[in-house]
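Quick notes on the structure that follows.
The values are calculated or read from the model by the stated rules, or taken from the named source; none is laboratory data. All values derive from a computational prediction rather than experimental measurement. No Cβ is skipped: glycine too gets one built from the backbone with ideal geometry, and neighbour counts run over all protein chains shown. Areas reflect the complete protein model, heavy atoms only, side chains present, ligands, DNA and RNA absent. Shrake-Rupley method; radii C 1.70, N 1.55, O 1.52, S 1.80 Å.
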Amino acid sequence: MQNQQVELVAIGNEILIGQVHDTNLHWLCRRLNDIGAFVRQAYIVRDDPTAIGEVIRLTLSHRPVLVITTGGLGPTWDDITLSSIGKALGRPVRMDGKALEMVRERYRQVKAAGLINDDTITPEREKMAYLPEGSVPLWNPVGTAPGVLMDVEETHIIALPGVPPEMRGIFDSSLQPYLRQWFSGLHSLQWGIMLAQGESTVASVINSVARTHPRVYVKSRARSVNGKPKVLITLTVSGMKEGEARKELENARNDMVKRLRASGAVIVEEGEDLPFQQEN
């Protein structure tokens, strides 16, 4: 099986002091899982060069195929993600001609849209074009700071803006050709089974199926619908070729349904389109 492991790093004081509720990690986990990637770990660190460097070196020690950072690419003094990563990698940060042209073009577009009056590239705006040596800038269709791609041996590091629409814009456009290459042929499939009873009544069945099918992630979540207990059991397979994934999922699903019925459980609904997302 090819390496499909990913690690995520959210960067920003505003997250850790509670000013901003981070939604980027949740969104990235969903999108990466959809393409067959396996998100191994996620971190949140302050805008601190030492902390950023430590977590970047830590992620690289795990040898994932991909590390994605969010935040710290803007024009202000505390946007230090790229300089911190450059220092951690031992790569000088220099003006990148392609990145600078991207910044210029975005400011021209923003001015043409009537959102700003002056598109002059000030030192603060120019700062967003300084990248670690050997980087590739990624076009930002929403904001002005380019995303950045860096390769460290077999690991790719992607630095994305922290503003959610910008992060999503780069992920869904400039980053797609790379993702298709790195995760080619991998799939993620899921199946849900809703029961009209409490979670503890079927815990032994869930545990047995999870042990029998270790390549399938088996998870149960207790819910209350109109004051009555229900439990949603999800079966998830990712990081496999489509045929292999479907076989693993079907075997686990058949085993789960057989054991549930034998236990007397009442299956209310099942399918691949149940409302899997749930606020905790």
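Within the set 162, 192, the sole residue that is surrounded by 18 or more Cβ atoms within 10 Å (Cβ to Cβ) and closer than 29 Å to residue 16 by Cα turns out to be 162.
Restrict the check to region 174-185 and report whether at least one residue is more than 17 Å from the chain's Cα centre (by Cα), in contact (Cβ under 8 Å) with a residue 40 or more places away in the chain and surrounded by 14 or more Cβ atoms within 10 Å (Cβ to Cβ). No, region 174-185 has no match at all. Listed conditions (1) open to solvent by 60 Å² or more (accessible area, probe 1.4 Å); (2) more than 19 Å from residue 168 (Cβ to Cβ); (3) of a type in the set (D, E, K, R) are all met by residue 31, apart from (2). Does residue 198 meet the test of being among the small types (Gly, Ala, Ser) and either within 23 Å of the chain's Cα centre (by Cα) or within 30 Å of residue 71 (Cα to Cα) (or both)? For residue 198, the condition - among the small types (Gly, Ala, Ser) and either within 23 Å of the chain's Cα centre (by Cα) or within 30 Å of residue 71 (Cα to Cα) (or both) - is not met. Count of region 6-38 residues, restricted to those that are part of a strand (DSSP E or B) and modelled with pLDDT under 95, is 1.
One residue stands out among those in region 194-225 that are in a loop (DSSP other than H, G, I, E, B) and farther than 16 Å from residue 250 by Cα: the one that is modelled with the highest pLDDT, which is 196. Checking every residue in region 226-235 against the condition of being modelled with pLDDT under 90, surrounded by 16 or more Cβ atoms within 10 Å (Cβ to Cβ) and among the charged types (D, E, K, R) gives at least one match.
Can you name the residue in region 87-102 that is without any contact (Cβ under 8 Å) to a residue 40 or more places away in the chain and more than 16 Å from residue 52 (Cα to Cα) and is also most open to solvent (accessible area, probe 1.4 Å) among such residues? Checking each candidate, the answer is 98. Which residues, counting only those in region 195-222, are touching a residue at least 60 places away in the same chain (Cβ under 8 Å) and either open to solvent by 70 Å² or more (accessible area, probe 1.4 Å) or basic (Lys, Arg) (or both)? Of everything in region 195-222, just one residue is touching a residue at least 60 places away in the same chain (Cβ under 8 Å) and either open to solvent by 70 Å² or more (accessible area, probe 1.4 Å) or basic (Lys, Arg) (or both), namely 201. With the structure loaded, tell me whether residue 64 is buried (at least 18 other Cβ atoms within 10 Å of the Cβ), touching a Ser or Thr at 6+ places or on another chain (Cβ under 8 Å) and not polar (S, T, N, Q) or whether it fails that test. Answer is yes for this residue.
Among the residues of region 122-143, those that are crowded, with 19+ Cβ neighbours inside 10 Å and hydrophobic (A, V, I, L, M, F, W, C) comprise 128, 129, 131, 138.
Each residue in region 10-56 was checked for being farther than 20 Å from residue 183 by Cα and more than 9 Å from the chain's Cα centre (by Cα), and 28 pass.
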